[in-house]
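Every number in this text was worked out from the coordinates using simple rules, so none of it is lab data. This is a predicted model, so every value here is computed, not measured. In this analysis, Cβ positions are derived from the backbone assuming ideal geometry, glycine residues included, and neighbour counts consider all displayed protein chains.
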């Protein structure tokens, strides 16, 4: 079967092993085609603030723009649903982009009930830091006991079913840590509610950026 995508690697997603415990997940080492990975990384938008932003709040061009379109596709939704044994038809996709993390990020948590599936695609070339590696956990308090640890190298992807026990987190890392997060959510209302929050955050951080540029140096 030929792939409908120019950037995403359908074969890698089909062949990644599904792990059932402590919650259903897939780790795909090369969700982006190797021959275009460098171009995708090169075209990742510059994001100077921490936090998650909707794609329209950042500059999308080149291969990165193609990636955004493919991650919104029904073909990706259907393949992920097939791999997880879930019916995701008519479940809206919600995309956000993150360029940096801070000391407050990475705390152990589960995703909200309105999210059905979480996809985390990393775009960090040659990650070497011990911190910032996402861990899939057995409980809400112990970061040292984990089922899997995912290094956020460029092209690596984690996909998991959102369950009451989908605990995950990482050791704090301050600096550039590029992540695309895709969620399939319960309803269009849930999608709009979350995107509204991310858009407002982006708006505020844009205002802060302009104020910072006008402030005199001390």
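Take every DSSP beta bridge whose two residues both sit in segment 10-210; close to 95 percent of them are antiparallel. From the alpha carbon centroid of segment 37-78 to that of segment 9-25 is 22 Å. Quick check: from the Cα gyration tensor, does segment 130-195 come out rounded (a/c under 1.5), prolate or oblate? Verdict is oblate for segment 130-195. Panel order for 133, 178, by other beta carbons found within 10 Å of each beta carbon, from fewest to most: 133, 178. Sorting 170, 141, 109, 72 from the fewest to the most surrounding beta carbons within 10 angstrom yields 141, 109, 72, 170. Please label the shape of segment 57-118 as rounded, prolate or oblate, based on the square roots a ≥ b ≥ c of the eigenvalues of the alpha-carbon gyration tensor (a/c under 1.5 means rounded; beyond that, a/b larger than b/c means prolate, else oblate). Cα axes put segment 57-118 in the oblate bin. Dividing the summed helix terms, -39500 (n - 2.57) for each DSSP H run of n ≥ 4, by the number of residues in the chain produces a 222 nm estimate of -9000 deg cm²/dmol to the nearest 500. Note on residue 19 and residue 144: the model spin-label points, each 7 Å out from Cα along the C-beta direction, lie 2.0 nm apart. Taking a ≥ b ≥ c as the square roots of the eigenvalues of the Cα gyration tensor, the chain is rounded, since a/c falls below 1.5.
Taking the average, over residues, of other Cβ atoms within 10 Å as the packing measure, peptides 31-43, 11-23 rank 31-43, 11-23 from highest down.
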